[in-house]
Amino acid sequence: MLEKLALAENKERIKLFKTKEMQAVIKIESAVLRGIRNYFEREGFVEIVVPHITKVTGACENLSTLFELDYFGRRAYLSQTGQLFLEILSPVFKKVWCTIHSFRAEPEVDDRHLTEFTLIEIEFLGNLNQLMEYEEEAIYSAVKEVSKLEEELEIVGISKERLKMYRPPYKRITYSEAIEILKEFNLKFGDDLKSKHERKLAEMFGPLFITHYPKEIKFFNMRENDEDPRIVNSVDLILPLSGEAAGGAEREFKYEKLIKRLRESMMFKMLVERGGSERDFDWYLEFWREHEGTLHSGCGIGVSRVVQSIIGSSDIRTATPFVMNRNNLF
């Protein structure tokens with residue numbers, strides 16, 4: 001039945017809302033949201049409402065996946081992340097979080113990509129180790145909420161025994177260790193890990209963190225490692241079946257290095273090609289010039305990929321009621 005949920009589109013999908021399988025998935029998604037939110041509230045995070053129409057300050061690495069808008073004669077975009085907005089509030093409140101709808105102009109219609117999904121993001125004053133602890137505890141809080149739904153778990157065919165694998169702590173490996181483990185794929189340093197690589201690692205270790213990726217393949221403000229400038233203090237959370245469910249890092253807090261990293265980034269090259277410049281980041285850069293020296297970290301958790309992993313599905317389209325992709329517009 002979960003396969004049917006994945007393939008149904010538009011009106012056919014609406015009809016499935018009456019089925020016990022779809023209703024079970026919706027309740028599980030609700031429990032995941034509740035569990036993550038409750039955890040960050042207990043930890044003292046302050047919830048922030050961030051804008052969903054932004055300049056490129058609301059973009060992730062790849063500007064080609066932005067949905068562009070005419071904002072009263074100015075170029076604007078549907079937001080993909082609230083990260084930069086949370087960052088400038090982290091020195092004020094120490095711990096902040098938000099829930100946004102992340103919009104991606106993804107042309108693929110497959111088991112992994114959506115054009116709109118729910119993203120929970122955090123930023124706080126602290127380091128990479130603390131970030132990983134927050135992430136794994138947030139996931140476990142979600143799983144504990146889901147475990148209360150005995151009837152729904154039975155409907156989707158998931159046992160409470162299976163949910164025990166989400167109990168922290170999670171395995172931690174570096175990017176370099178990952179490509180060594182995956183040597184059958186002939187990966188070299190600098191190659192990004194694909195979904196098949198992530199799923200292979202999750203099959204071996206269960207939920208795991210992969211840390212310290214090459215800086216060339218990550219966002220411009222991820223902090224360079226003090227001992228090896230080729231890498232950044234970053235982390236991806238990999239979950240069974242869904243792959244990367246969260247991405248985060250320590251943030252660069254030295255103004256001159258931040259400017260340099262921006263100018264050297266692939267994102268900046270794409271921005272210039274679109275007629276943009278450093279001025280698109282003026283408020284963000286100005287803030288960190290004044291607050292230089294504050295180590296902060298953060299991440300974004302894709303809710304649908306968490307749900308997908310929990311319900312034991314290899315297809316993200318089973319994990320949310322309203323699947324948004326190129327074929328679906330409700």
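If you scan the stretch 129-142, which residues turn out to be touching a Gly at 6+ places or on another chain (Cβ under 9 Å) and surrounded by fewer than 22 Cβ atoms within 10 Å (Cβ to Cβ)?
Scanning the stretch 129-142 gives 140, 141.
Which residue pairs have Cβ atoms closer than 7 Å, lie 6 or more positions apart in sequence or on different chains, and pair a first residue in the stretch 1-25 that is under 22 Å from residue 151 (Cα atoms) and at pLDDT 85 or above with a second residue that is of a type in the set (Asp, Glu) and assigned to a helix (DSSP H, G or I)?
Once the first residue is under 22 Å from residue 151 (Cα atoms) and at pLDDT 85 or above and sits in the stretch 1-25, its partners that are of a type in the set (Asp, Glu) and assigned to a helix (DSSP H, G or I) give 5/21; 24/152.
Could you please find all residues in the stretch 209-220 being in contact with a helix residue (DSSP H, G or I) (Cβ under 6 Å, 6 or more places away or on another chain) and not β-branched (Val, Ile, Thr)?
209, 212, 213, 220
Checking the structure you have, find out if any residue of the stretch 33-45 is over 24 Å from the mean Cα position of the chain (by Cα), surrounded by 16 or more Cβ atoms within 10 Å (Cβ to Cβ), among the charged types (D, E, K, R) and outside any loop (DSSP other than H, G, I, E, B).
no
Sort out which residues of the stretch 289-320 are free of Cβ contacts under 8 Å to residues at least 40 places away in the same chain and in a helix (DSSP H, G or I), and write them in order of number.
Result: 289, 290.
So in the stretch 47-73, with the set limited to residues that are surrounded by 15 or more Cβ atoms within 10 Å (Cβ to Cβ) and β-branched (Val, Ile, Thr), which one is nearest to residue 305 (Cα to Cα)?
It comes out as 65.
Only residues in the stretch 205-221 that are farther than 30 Å from residue 285 by Cα count as the first member; pair them with residues that are of a type in the set (S, T, N, Q), Cβ under 9 angstrom, at least 6 apart or cross-chain, and list the lot.
207/309
Please work out which one of (1) over 21 Å from the mean Cα position of the chain (by Cα); (2) more than 24 Å from residue 89 (Cβ to Cβ); (3) small (Gly, Ala, Ser) is the condition residue 313 fails and give its number.
For residue 313, the failing item is (1).
Any residue in the stretch 149-160 that is touching a residue at least 24 places away in the same chain (Cβ under 8 Å) and in a helix (DSSP H, G or I) sitting within a Cβ distance under 9 Å of a residue that is hydrophobic (A, V, I, L, M, F, W, C) and exposed (fewer than 11 other Cβ atoms within 10 Å of the Cβ)? List the pairs, counting only those 6 or more apart or interchain.
none
Within the stretch 281-308, track down each residue that is under 30 Å from residue 166 (Cβ atoms) and among the aliphatic types (A, V, I, L, M).
295, 301, 303, 306, 307 - these are the residues of the stretch 281-308 that are under 30 Å from residue 166 (Cβ atoms) and among the aliphatic types (A, V, I, L, M).
If only one of 164, 94, 171, 148 is touching a strand residue (DSSP E or B) at 6+ places or on another chain (Cβ under 6 Å) and of a type in the set (Lys, Arg), which one is it?
171
Pairs only if they're at least six apart or on different chains, beta carbon under 8 angstrom, first in the stretch 175-188 and hydroxyl-bearing (Ser, Thr, Tyr), second part of a loop (DSSP other than H, G, I, E, B) and at pLDDT 95 or above; list them, first residue then second.
Partner pairs satisfying both residue conditions: 175/193; 175/212; 175/213; 176/189; 176/212.
For the stretch 22-52, what are the residues that are under 20 Å from residue 325 (Cβ atoms) and acidic (Asp, Glu)?
29
Which of the residues belonging to the stretch 315-330 are polar (S, T, N, Q) and surrounded by 18 or more Cβ atoms within 10 Å (Cβ to Cβ)?
318, 320, 325
Restricting attention to the stretch 155-170, does a residue exist that is surrounded by 15 or more Cβ atoms within 10 Å (Cβ to Cβ), closer than 16 Å to residue 248 by Cα and out of contact with any helix residue (DSSP H, G or I) (no Cβ under 6 Å at 6 or more places or on another chain)?
Checking the stretch 155-170: not a single residue is surrounded by 15 or more Cβ atoms within 10 Å (Cβ to Cβ), closer than 16 Å to residue 248 by Cα and out of contact with any helix residue (DSSP H, G or I) (no Cβ under 6 Å at 6 or more places or on another chain).
The values are calculated or read from the model by the stated rules, or taken from the named source; none is laboratory data. A quick note: this is a predicted structure, and the numbers were derived from the prediction, not measured. In this analysis, Cβ positions are derived from the backbone assuming ideal geometry, glycine residues included, and neighbour counts consider all displayed protein chains.
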